[in-house]
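Take a look at the structure set out below.
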Amino acid sequence: MVKIGTCVIFDDINTIEKKFITLNENKFDNCQLMCWKMELLTQESADLIKDLCNKYGVTISAVWCGWEGPAIWNFYEGQTTLGLVPVEYRWARVKNLCLGSDFAEMLGVTDIITHMGFIPENPNDSNFRPFCDAVRYVAQYCKKKEQYLLFETGQETPTTLLRCFDEVGEDNLGINLDTANCILYGRANPVDALGIFGKYVRNLHAKDGLYPVNGRELGKHTPIGEGKVDFDSIIRMLHEMDYNSYITIEREIEGEQQLIDILNARVLLEGYIEKYYKD
């Protein structure tokens with residue numbers, strides 16, 4: 001049976017327990033732990049979080065590891081600032097992801113997720129193979145710890161993602177399917193994308209949104225059920241693929257409305273899961 005969880009952002013060691021309390025109060029027993037602050041990826045932090053997991057009955061399904069340097073989430077500056085694609089930031093970020101792998105090992109977590117950036121669609125692009133070399137380095141580092149390195153979808157077409165996996169050539173690559181990002185970046189329909197790379201999916205961001213309306217800015221995030229993602233078909237296909245892992249609700253807003261939208265999303269997702277996983 002699939003398990004519904006949500007995202008927890010680890011940005012302050014002094015406030016992280018409040019977030020686990022919120023998970024417990026709302027009957028979430030799993031989460032993705034997301035961290036962009038490299039200085040927090042320490043043994044001290046790992047020991048605290050393991051204690052909180054035991055105290056509040058929470059499993060960490062994956063560590064979502066960010067990286068240092070600029071990050072501009074649009075179609076222009078995003079090409080030159082995101083992930084491992086920009087040459088000037090690449091090897092510093094490789095080190096960041098290896099640190100994330102170390103932290104995940106401290107937590108006993110096998111899956112590490114990140115955004116890799118706007119992977120060149122043209123395999124003859126001079127940046128394609130050096131980018132794949134960097135991914136291979138991280139994948140091999142993770143493999144020594146029996147971990148999987150997951151690409152969060154969105155900035156590349158599904159076919160480009162497969163081409164990258166073929167070029168990297170490591171068997172511990174996987175996918176965190178962000179259902180909305182496929183749409184927000186205008187790169188794919190998540191239902192069709194799942195049909196292309198479904199065998200690699202190890203976790204999901206259940207998220208909704210609208211297609212871009214201009215050539216510079218991403219599409220708009222929406223609450224689940226108000227965007228273009230066909231969750232009925234997504235859950236049906238997951239069942240057909242014998243997917244029995246995590247579905248992680250992500251709502252990228254702040255304030256009280258965030259939790260309201262997350263809880264509403266859980267109700268909708270539970271309905272689809274009951275429909276297709278009832279056997």
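The values are calculated or read from the model by the stated rules, or taken from the named source; none is laboratory data. Not measured: the values here are computed from a predicted model. Glycine gets a Cβ as well: all are built from the backbone with ideal geometry, and neighbour counts include every protein chain shown.
Against the numbered list (1) buried (at least 19 other Cβ atoms within 10 Å of the Cβ); (2) touching a Pro at 6+ places or on another chain (Cβ under 6 Å), ILE196 comes up short only at (1).
Could you tell me whether any residue of the range 88-105 is out of contact with any Ser or Thr (no Cβ under 9 Å at 6 or more places or on another chain) and under 27 Å from GLY215 (Cα atoms)? Yes, that holds for at least one residue. Scanning the range 36-91 for residues that are touching a strand residue (DSSP E or B) at 6+ places or on another chain (Cβ under 6 Å) and closer than 12 Å to HIS115 by Cβ returns TRP64, CYS65. Residue under question is ILE260, and the condition is that it be crowded, with 19+ Cβ neighbours inside 10 Å, more than 17 Å from the chain's Cα centre (by Cα) and among the β-branched types (Val, Ile, Thr); does it hold? It is false that ILE260 is crowded, with 19+ Cβ neighbours inside 10 Å, more than 17 Å from the chain's Cα centre (by Cα) and among the β-branched types (Val, Ile, Thr).
Restricting attention to the range 74-107 and to residues that are part of a helix (DSSP H, G or I) and β-branched (Val, Ile, Thr), the residue that is nearest to GLN140 (Cα to Cα) turns out to be VAL94. Among the conditions (1) surrounded by fewer than 17 Cβ atoms within 10 Å (Cβ to Cβ); (2) touching a residue at least 40 places away in the same chain (Cβ under 8 Å); (3) closer than 29 Å to ILE262 by Cα, the only one that ILE113 does not satisfy is (1). If only residues of the range 22-56 that are assigned to a loop (DSSP other than H, G, I, E, B) and of a type outside the set (Lys, Arg) are counted, the one that is surrounded by the most Cβ atoms within 10 Å (Cβ to Cβ) is PHE28. All of LEU150, LEU204, LEU177 fail the test of being at pLDDT 95 or above, under 26 Å from MET106 (Cα atoms) and touching a Pro at 6+ places or on another chain (Cβ under 8 Å), apart from LEU177.
Candidates in the range 169-196 are the residues that are in contact with a strand residue (DSSP E or B) (Cβ under 9 Å, 6 or more places away or on another chain) and aliphatic (A, V, I, L, M); of these, the one that is nearest to ILE113 (Cα to Cα) is ILE175.
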